[in-house]
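S.K.: Got a structure here, written out as C-alpha cells. Questions coming.
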Amino acid sequence: MKKPTFENLTNFFLKNFFQGLLIIGPIGLTIFVIWYVITSIDNIIPSVASEIPGLVFVSTLLITALLGYLGNKFVVGRFFVDAIDRLLEKMPGIKHIYSPTKDVMSSFVGDKKKFSDPVWVKTNENPEIWRIGFLTQREMADVHKDNFVAVYLPHSYAISGWVIVTEEKNIKPVVGMSAATAMKFAVSGGVAGFHSDENIFKAPE
C-alpha cells in the first residue's frame, strides 16, 4: 500500500474543503440575506422588535400584500394608487427616483412583467454566436430605427445587464423554455439545464 505523502494529504484536504464550501456557501449566504432583511425591517421599530422579534417583518409583509390586493381588486383602492402614482411622477427631483424604480420593479414582478419574451440574438456573424435575451421593444421607428428591436441581455451571476438594438432578422424566439427558465439559464451562465432543474455541469471527481 502506497504511503500517503504530505502533498496527497493536502490535496485531499483542499478538495474536500472546497467541496464543503460549495455546500455551506449558498446555504450560509441565503440564511445571511434572509436574516439581514428580517432584522433590517424589524429595526424600523426597535421597541417592538426587542419585545417580539419578527413581528414588524411579518406585519410589513401582510400590509404590503393587503395594499397590493386592495390596489388591484377595488376601484377606490386603484383610484388612490393611481393618484399617488401621478403625484410622485410629477414631483421635481422625486420623479427621477420614483419612475425608474417603478419601471425596474414592474419589469420583474406584477401583472406587467417586461421580461416575458425570451429570444435568441445573433451577436456575431463569423463565427456565428448567439446569446439569450429578452425582447423589450418590438418597434424602434420612433427613433428612426425601422426594422430594429431592443433586446435586454442579462449578465451571468449578476443582477445587471445591458440593452442592444439590433435588426429584427437577428433574433428568433426561444422554443422549449419558459421566460423563467430562460432567465435562469442566462443568469447561471448556462449551467442550468433546459428541461429540468438539474445542472448540466458537474465538477470532476
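S.K.: Give the Rg (one decimal place) followed by the Dmax (whole number) of the range 118-188, computed from C-alpha coordinates and expressed in Å.
M.R.: 12.2, 35
S.K.: Let me ask something additional. Over the range 118-188, what percent of the accessible surface lies on carbon and sulfur atoms, probe 1.4 Å?
M.R.: Values: 2410 of 4460 Å².
Summing carbon and sulfur atoms, their accessible area is 54 percent of the total for the range 118-188.
The values are calculated or read from the model by the stated rules, or taken from the named source; none is laboratory data. Here the structure is a predicted model, which means the values were calculated and not measured. Heavy atoms of the whole protein, side chains included, go into the accessibility calculation; ligands, DNA and RNA do not. Shrake-Rupley method; radii C 1.70, N 1.55, O 1.52, S 1.80 Å.
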